[in-house]
Amino acid sequence: MTIVQALLAATKQLSRAHIENPQLEAEILLAHLLGKERIWFHLHPEFLLEDFVNEQYMALVARRAMHEPTAYILEQREFWSLPFRVTRDTLIPRPETELIVEVALALVKRKKWRGPFILDLGTGSGILAITLACEIPEAALVATDRSFPALIVAQQNAKRHGVKSRIDLVQADWINPFKSCETGMFPRKKGTAIANRGFHLIVSNPPYVANKDKRLLAKEIFNHEPEGSLFSKKDGLEDIEKLIKTVPQVLRKEAWFICEIGWNQGKQAIQMTRDTGMYKCAEIRKDLSGKDRVLMAKRNCKHSQGTASAFVGHLKYREYV
């Protein structure tokens, strides 16, 4: 079968499965399999595919026709113009999440923090922690996730981008391993520079989809991405509320919390920050579509100063993570 024949057959199969942009999807899958750029197909339309290659290609097409996300089939997705490995243990990065990075970088530049200490809660494939580590070479970071398989993916991505030595990966549910106290150090791997007076910045992309909205999601999301990273109780606000109430315990004075939220959760998120009495100010940043996307809240300097420390002895914290 030639290139053009294979692409035509794949496009028809994907079209029948109601996959958007079936021709583009067909070309992306074949480009991945052959290790070629898509333009190569147009230059060599009569190139003959060996039978075993065609079988492998049709197997990939069949997976996509079942609405398995292309990112999981390729095990890769780009974020902030950087390639990241993704698996079904991690969410697929979304472009709108880049707003967290934009806001964080603007804050670091404005505050002129030297060697900022940054915490990424629910890191998944590590996109936020790794991107910030790449953009802020002097930063030291801690990234947590309750999924150990997700931390393995994050570790692989950190190594790929050369920042593994500056990111501590800890299996934990939000800030549970941390405590607010007057003295103490965060346990660290050899060679990792860690501060002991709380974090300058905490970022997170928590679950915020309401359980009642599950069936409104695309098949690619509902049937394939990890539910624990998508859905939250209390109309999608339970995890956001938990973070708003607890992260001030490990933030330095005048430090910031940046959190992705749902498109209609801005008012509730702002009210939650007010109700705690632990924030000096809070605001909502909208995405390019004009929808609520990021909550940024500044810790109230009058709130008691704590120290970020942790108990990881009972956690599945291993040297290669």
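If you wrap the range 69-150's Cα atoms in a convex hull and average its projection over all directions, what's the area in nm²?
Averaged projected hull area, Cα only: 5.3 nm².
How much FRET efficiency would the formula 1/(1 + (r/R0)^6) give for Ala59 and Gln156, where r is the Cβ-Cβ distance and R0 is 25 Å, rounded to 0.05?
0.55
Arranged from highest to lowest average of other beta-carbon atoms within 10 Å per residue, in what order do the peptides 277-285, 32-40, 85-93 appear?
Peptide ranking by packing, descending: 85-93, 277-285, 32-40.
Tell me what the chain gives for mean residue ellipticity at 222 nm when only DSSP H runs of n ≥ 4 count, each as -39,500 (n - 2.57), the sum divided by the residue total, rounded to 500 deg cm²/dmol.
Taken over the chain, the calculation gives -10500 deg cm²/dmol.
State the percent of C-alpha pairs, over all pairs in the chain, separated by a distance greater than 32 angstrom.
Looking at the chain, the distances longer than 32 Å represent 34 percent of pairs.
Nearest 10 degrees is fine. How inclined is helix 51-65 to the longest principal axis of the chain, computing both from alpha carbons?
Tilt relative to the chain: about 50 degrees.
Evaluate E = 1/(1 + (r/R0)^6) for Glu50 and Glu75, where r is the Cβ-Cβ distance and R0 equals 22 Å; express this FRET efficiency to the nearest 0.05.
The computed FRET efficiency comes out at 0.40.
GNM, the chain, Cα, under 10 Å: largest mean-square fluctuation among Arg110, Arg64, Arg293?
Arg110
Enter the Cα centre distance for the pair the range 20-79 and the range 88-142, rounded to the nearest angstrom.
Cα centroid of the range 20-79 versus Cα centroid of the range 88-142: 31 Å apart.
FYI, it's all coordinate maths here, none of it is from the lab. What you see is a predicted model, and the numbers here were worked out from it, not measured in a lab. Neighbour counts are summed over all protein chains in view; Cβ atoms, including those assigned to glycine, are modelled from backbone coordinates with ideal geometry.
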